[in-house]
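The values are calculated or read from the model by the stated rules, or taken from the named source; none is laboratory data. Just so it is clear, the model here is predicted, and its values are computed rather than measured. Cβ atoms come from the backbone with ideal geometry, glycine included; neighbour counts cover every protein chain shown.
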Amino acid sequence: MHYLRVMSGIFQAPLLLALIGWYLIVPPNKDGQILIDRPLSKWTYLNSFDSARECREAGLEHVRQAETDTPADRARLSQAQAWECIATDDPRLAK
């Protein structure tokens, strides 16, 4: 609810802040299979961030780190490449 009121000749607007953060998540991995079709609530949480930009940068860094893994760990790279940044208030997290 946004409104202005006059108090002693000064306009005041109530401060309404939406504190939305961001989660960096990756799909579940079962026996080397990346389960990208699972609901987001089943994905693996990696970290949280104050901004979408910070989250995206961390997602890209996560992929770079996974690229240095041994060839035998290709499932981890595939999982890392499927990362998502999702707002902390996204309703799909509750499902």
Review point. Would you say I34 is in contact with a Ser or Thr (Cβ under 6 Å, 6 or more places away or on another chain) and not hydroxyl-bearing (S, T, Y)?
Key: yes
Practice item. For residues that are modelled with pLDDT of 95 or more and in a loop (DSSP other than H, G, I, E, B), tally how many sit in the range 11-27. Key: 1
**Study point:** Enumeration of residues in the range 73-92 that are in contact (Cβ under 8 Å) with a residue 60 or more places away in the chain and either surrounded by 18 or more Cβ atoms within 10 Å (Cβ to Cβ) or not in a loop (DSSP other than H, G, I, E, B) (or both)
**Key:** E84, C85, I86, A87
Check your understanding: In this structure, is T44 of a type in the set (S, T, Y) and modelled with pLDDT under 90?
Key -> no
